[in-house]
1. Any residue that is in contact with an Asp or Glu (Cβ under 8 Å, 6 or more places away or on another chain) and modelled with pLDDT of 90 or more - is there at least one of those in region 116-125?
2. Looking at region 63-97, which of its residues are surrounded by 20 or more Cβ atoms within 10 Å (Cβ to Cβ) and among the aliphatic types (A, V, I, L, M)?
3. Considering only region 195-221, state which residues are outside any helix (DSSP H, G or I), polar (S, T, N, Q) and modelled with pLDDT under 90.
4. Is it true that Leu52 is touching a Ser or Thr at 6+ places or on another chain (Cβ under 6 Å) and within 17 Å of Ser20 (Cα to Cα)?
5. Looking only at strands (runs of 3 or more DSSP E) that lie completely in region 57-172, which have at least 1 residues being closer than 20 Å to Gln32 by Cβ, of a type in the set (Val, Ile, Thr) and not assigned by TED's automatic domain parsing to the domain that holds Leu206?
6. Looking for whichever is touching a residue at least 12 places away in the same chain (Cβ under 8 Å), in a strand (DSSP E or B) and out of contact with any Phe, Trp or Tyr (no Cβ under 8 Å at 6 or more places or on another chain) here; the options are Leu30, Leu40. Which one fits?
Amino acid sequence: MSKAVILIIEDDPDIQELLSHTMSKEGWKLLQARNGEEGLKILQNKKANCILLDIMLPGMDGFKVLKKIKELEQCRNVPVIMTTAKGEEADIVTGLELGADDYVVKPYSPKVLIARIRAGLRRQEESGVKTDVTSWQQGELKLDAARHIAYNGSQQLDLFATEFALLKHFLSNPEIVFSRNQIIAAIRGPDYPVTDRSVDVQILGLRKKLGKAGDMIETIRGVGYRLRVGE
């Protein structure tokens, strides 16, 4: 997606300049904001294909900004990559639970960041590609990939992009046990760096939103997860 629009919400002018220089080589169009309020205002008027969001922002912090971004209908499926010096596990878990798609800790390699953005853009493109089979149902759970909607019975589910991808993976592969590495490779591509804890957090969030149907996603101790169907 060479014409992609990337929004950078970052208050450090030196980092803004570095990111601008690095990403201009990719042919991407850049939008820049120095704080969360400015970034949200931009998103209300312009479309972004990927968002880089710092946590330690003046005024509204990045976690609050992320929550508001995910409340915008036009941004629900836009990948958000947290770029921050806060690398503690608790911060990473909080970001993922609020709907971040990725987390890059400063100081980071520009090449690694570009690779993460490309992966996010690729997932966004693939989510809109039609395949021969675009809908699945197991029990009360139904998912339509072409329309990007999922239901638990008659109730439409409010899922983040990663949660939707996880549910699609499980519904389309019932009763198959997947390791955490296999799950992340299926929804984000091979050799994608992520911790087991991050996968567990995403699945925990999905289970909560599925209610009782969340019990269908079983933990296979020492191996990974599977979607159980039937008795």
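1. no
2. Val65, Leu66, Ile69, Val78, Val80, Ile81, Met82, Ile92, Leu96, listed by residue number.
3. Thr195
4. Judged against the criteria, Leu52 is a match.
5. Filter on region 57-172 gives 80-84, 102-105.
6. Leu30
Results for (1) under 16 Å from the mean Cα position of the chain (by Cα); (2) under 19 Å from Arg116 (Cα atoms); (3) among the small types (Gly, Ala, Ser), shown as yes or no for each residue.
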| residue | (1), (2), (3) |
| --- | --- |
| Lys3 | no, yes, no |
| Glu37 | no, no, no |
| Lys41 | no, no, no |
| Asp61 | no, no, no |
| Lys67 | yes, no, no |
| Val80 | yes, yes, no |
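The values are calculated or read from the model by the stated rules, or taken from the named source; none is laboratory data. Every value quoted in this text rests on a predicted model; they were computed, and no experiment measured them. When we count neighbours, we look across all protein chains shown, and the Cβ atoms used for this are built from the backbone with ideal geometry, even at glycine.
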